[in-house]
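Visitor: Could you have a look at this structure, given as structure tokens, before my questions?
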Amino acid sequence: MNVRSRLFVLVTCWAAVALLLAASNTLARAPRPLIPAMIFGLTGAAVLVHRRSVALRAYVARFDPRLAIAFHLVRIPFGLAFLREAAQGSLPVTFARVAGPGDVVAGGLALVALAAAGDLRAPTRRAVVLGWNALGLLDMIVVVATAQRLVVFAQDPRMQATLGRFPYAVLPTFVVPMILLTHLAVFARLARPHASNEGAYPSGAA
């Protein structure tokens, strides 16, 4: 089994476990510090595996970045959902004003980056992907920081309740770590712009 296949199996299993945890309402009863611990712990563990695996580093240096960029389309429905929850009083407006528009914009601009990422050898295309990636990562850092301030320090009960129920419970256990990791993977891929894409799409697709 090659690296790409192992990654597919690992991510699929990870997503399945996250969905099971979300459906079981486990996070609603979890200690508040567990939410940031899961986000940073899962992200850190994946980064450590990347640093220690020569085969994984070689794959990330050549993988088709459109595979990672496409994942960010999930930010659009979540961003809209945050705004709806805030309008209904289920989420703090402080969080929704940051996470809602930010995720919708980052997810929408992912379509532009997706179109540009077919050939990273072109400077303009590479600049578009780099700009989106930097903006999207900055947005996610601000969203995560805002969420943790409200969950851990302000202890807003609406944040804990919302992040503990389906589908939002998949955010700290899967979606947010994957967003952070795919941003890092795209940065790593941009460092090797002249390597041929391999992975998600047939060679020659633009």
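Values in this text are rule-based calculations from the coordinates and carry no lab data. Everything quoted here is computed from the prediction, not taken from an experiment. Positions of Cβ are backbone-derived with ideal geometry, glycine not excepted, and every protein chain shown enters the neighbour counts.
Visitor: With +1 on each Lys and Arg Cβ and -1 on each Asp and Glu Cβ, and nothing else charged, work out how big the dipole of region 5-162 is about its Cα centre, in Debye to the nearest 20.
Guide: Values: 16 positive and 6 negative charges, 85 e Å.
About 400 debye.
Visitor: Sticking with this structure for a sec: Taking 0.36 nm per residue of separation and subtracting the Cα-Cα distance, what length does fully extending residue 142 through residue 19 add?
Guide: Working: separation 123, 0.36 × 123 = 44.28 nm, distance 2.48 nm.
Extra length from residue 142 to residue 19 when fully extended: 41.8 nm.
Visitor: Per residue and in cubic angstrom, what volume does the convex hull of the Cα atoms of region 77-190 have? Display every interim value, and only then the final one.
Guide: Values: hull volume 10.4 nm³, N = 114.
With only Cα atoms used, region 77-190 gives 91 Å³ per residue.
Visitor: Next question. Helix-derived [θ] at 222 nm for the chain: sum -39500 (n - 2.57) over DSSP H runs of at least 4, divide by residue count, nearest 500?
Guide: Computed mean residue ellipticity for the chain: -22000 deg cm²/dmol.
Visitor: Work out, step by step, the length gained on full extension between residue 34 and residue 50: first 0.36 nm times the residue separation, then minus their alpha carbon distance; give nm to one decimal. The partial results should precede the final answer.
Guide: On the way: separation 16, 0.36 × 16 = 5.76 nm, distance 2.38 nm.
Taking residue 34 through residue 50 to full extension adds about 3.4 nm, to one decimal.
Visitor: Report the charge-dipole magnitude of region 100-206 in Debye, nearest 20, computed about the Cα centre from +1 at each Lys and Arg Cβ and -1 at each Asp and Glu Cβ.
Guide: On the way: 8 positive and 5 negative charges, 26 e Å.
So the magnitude is around 120 debye.
Visitor: Taking K and R as +1 and D and E as -1, what net charge do the other residues with C-beta under 15 Å from the C-beta of residue 136 add up to?
Guide: +1
Visitor: Under 11 Å from the Cβ of residue 160, count the other residues' Cβ atoms, weight Lys and Arg +1, Asp and Glu -1, and hand me the total. Spell out each step's value before the answer.
Guide: Details: positive: 29, 32, 158, 165; negative: 156.
Here the count lands on +3.
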